[in-house]
Amino acid sequence: MKKVLSLILLAFFTLTIIAQNTAGYAIGDAIQPFSLKNINGKDVALSDYTSAKGFIIVFTCNECPYAKAYQDRILALDKKYAPLGFPVVAVNANDPVAQPADSYEKMQARAKEKGFTFPYLSDPDQVVTKQFGATNTPHTFVVEKNKNNYTLRYAGAIDNDTENSNPQKTRYVIDAVDALLTQKEIPVTKTKAIGCGIKWKKG
Amino acid sequence: MKSIFTVFIVLISLHINAQKVKLIKLNDLEKRISNGKDTFYVVNYWATWCAPCIKELPYFDQLQKAHKDKPVKVLLVSLDFPSRYKKKVVPFIEKRKLTSEVFLLDETDQQAYIDRISPQWSGALPATAFINRAKNTTQFFEQEFTYKELLATFNSLQ
């Protein structure tokens, strides 16, 4: 009887964990440091960045007009914040079968064409994308690293002006990283990720 | 004389085409609904880059045609970037002979306008609001519709 009960409990907890995983990390949650294949064929792990203070993790893709609109701003984020300890790590969130424009070869071509200074990782089974609860491209997560602890500090949009037409825009990611670097409180920790829905693997 | 006439015709047709999609601020879209003489509004949010949106656009137009003598108005509101107005949205609408009113939302702060349109909306497309002004109710759906589903939803909210 006791055994049955513990099995039921175990099943219940497993289900709860699965349910939590699909919803993704909440602000303040510890995140699992991941390792995925980069466009040069080599794996990139968050734990490789021994001196990083954190990461700007962007779930994105090749073809979505929102993702394309933010490419240059993502490059600028890496240029400014990688030397300060917050490099950009980009992950292609789309399934290449559901969206052929997001194949590994096309990722390589885009990175070359735009001169990506950051890794552009493939997540073929969308495991990491689901862990983070990413829903749109682009969907950005600012993670703080403290020794071997990784904590989610911001999730959502890069700024509130996709077309880059308003100089008075609110730059959520910049504000979050600046706050972490100066040990201040992050003004906005969560916004809506604006962009195309992620194309999920079927079946 | 003939050439003047041609220029005139071209100008008129350009004018008609330009009228086909209207750039609109969210304030004015809200006014279009609150000051309109119809009692039921179906507001579909779409974009030229959103494949499921394009698939369901004809269903919304079909709904409008089926209720053309009723106080029912379908408004198709594109969330394409305002800079794509002339290059993308106008030609797209010209190609499809839609009878519904078409707008392009002329706003840039998505965080603000998404919450104003519906606080329950993640911002994903397609999305549709069913506004019954007689009953003063609004139902918001973040999903795609087949024509059958659209008609059933519309009827259930009368």
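The values are calculated or read from the model by the stated rules, or taken from the named source; none is laboratory data. The structure displayed is predicted, hence computed values, not measured ones. Don't worry about glycine lacking a Cβ; one is built from the backbone with ideal geometry, like all the others, and counts go over all protein chains shown.
One line per residue, one yes/no per condition, for (1) within 14 Å of chain A (Cβ to nearest Cβ); (2) touching a residue at least 12 places away in the same chain (Cβ under 8 Å); (3) not in a loop (DSSP other than H, G, I, E, B):
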| residue | (1), (2), (3) |
| --- | --- |
| B:Phe103 | no, yes, yes |
| B:Gln111 | yes, no, yes |
| B:Asp115 | yes, no, yes |
| B:Gly123 | yes, yes, no |
| B:Ile131 | no, yes, yes |
| B:Gln139 | no, yes, yes |
| B:Gln143 | yes, yes, no |
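Scan the range A:44-56 and tell me whether some residue there is touching a residue at least 24 places away in the same chain (Cβ under 8 Å) and exposed (fewer than 12 other Cβ atoms within 10 Å of the Cβ).
Yes, the range A:44-56 contains at least one residue that is touching a residue at least 24 places away in the same chain (Cβ under 8 Å) and exposed (fewer than 12 other Cβ atoms within 10 Å of the Cβ).
Which of the residues belonging to the range A:68-85 are over 13 Å from the mean Cα position of the chain (by Cα) and either crowded, with 16+ Cβ neighbours inside 10 Å or among the β-branched types (Val, Ile, Thr) (or both)?
Scanning the range A:68-85 gives A:Lys68, A:Ala69, A:Tyr70, A:Gln71, A:Arg73, A:Leu75, A:Leu77, A:Asp78, A:Tyr81, A:Ala82, A:Gly85.
Filter the range B:101-135 down to residues that are of a type in the set (Lys, Arg) and over 23 Å from B:Gln64 (Cβ atoms), then give me how many there are.
Residues that pass the stated criteria total 1.
Which ones in the range A:189-203 are within 13 Å of chain B (Cβ to nearest Cβ) and either at negative phi or not in a loop (DSSP other than H, G, I, E, B) (or both)?
A:Lys190, A:Thr191, A:Lys192, A:Ala193, A:Ile194, A:Cys196, A:Gly197, A:Ile198, A:Lys199, A:Trp200
Return yes when A:Val91 is surrounded by 17 or more Cβ atoms within 10 Å (Cβ to Cβ) and within 22 Å of A:Asp29 (Cα to Cα) and no when it is not.
Here the answer is yes, as A:Val91 does meet what is asked.
Of everything in the range B:91-101, what is in a helix (DSSP H, G or I) and either farther than 22 Å from B:Lys20 by Cα or away from chain A (no Cβ under 14 Å) (or both)? Give them in sequence order.
B:Pro91, B:Ile93, B:Glu94, B:Lys95, listed by residue number.
State whether one or more residues within the range A:128-140 are within 14 Å of another protein chain (Cβ to nearest Cβ), within 22 Å of A:Gln32 (Cα to Cα) and modelled with pLDDT under 95.
Checked the range A:128-140: at least one residue is within 14 Å of another protein chain (Cβ to nearest Cβ), within 22 Å of A:Gln32 (Cα to Cα) and modelled with pLDDT under 95.
Checking the structure you have, find out if any residue of the range A:110-124 is within 11 Å of chain B (Cβ to nearest Cβ), over 15 Å from the mean Cα position of the chain (by Cα), buried (at least 16 other Cβ atoms within 10 Å of the Cβ) and not hydrophobic (A, V, I, L, M, F, W, C).
No: the range A:110-124 contains no residue that is within 11 Å of chain B (Cβ to nearest Cβ), over 15 Å from the mean Cα position of the chain (by Cα), buried (at least 16 other Cβ atoms within 10 Å of the Cβ) and not hydrophobic (A, V, I, L, M, F, W, C).
So, in the range B:38-56, how many residues would count as being basic (Lys, Arg) and buried (at least 21 other Cβ atoms within 10 Å of the Cβ)?
Within the range B:38-56, residues that are basic (Lys, Arg) and buried (at least 21 other Cβ atoms within 10 Å of the Cβ) number 0.
Within the range A:170-178, can one find any residue that is surrounded by fewer than 20 Cβ atoms within 10 Å (Cβ to Cβ), touching a residue at least 12 places away in the same chain (Cβ under 8 Å) and within 11 Å of chain B (Cβ to nearest Cβ)?
Yes: the range A:170-178 contains one or more residues that are surrounded by fewer than 20 Cβ atoms within 10 Å (Cβ to Cβ), touching a residue at least 12 places away in the same chain (Cβ under 8 Å) and within 11 Å of chain B (Cβ to nearest Cβ).
Criterion first (of a type in the set (Val, Ile, Thr) and within 14 Å of chain B (Cβ to nearest Cβ)) does A:Thr60 satisfy it?
Against the criterion (of a type in the set (Val, Ile, Thr) and within 14 Å of chain B (Cβ to nearest Cβ)), A:Thr60 does not qualify.
If you check A:Ile186, A:Ile158, which single one turns out to be more than 10 Å from every other protein chain (Cβ to nearest Cβ), in a loop (DSSP other than H, G, I, E, B) and surrounded by 21 or more Cβ atoms within 10 Å (Cβ to Cβ)?
Criteria check complete, one pass: A:Ile158.
Is it the case, given these coordinates, that A:Asn166 is buried (at least 22 other Cβ atoms within 10 Å of the Cβ) and within 13 Å of chain B (Cβ to nearest Cβ)?
no
Take the conditions touching a residue at least 40 places away in the same chain (Cβ under 8 Å) and in a strand (DSSP E or B) and apply them to A:Phe118. Does it pass?
Criteria not met by A:Phe118.
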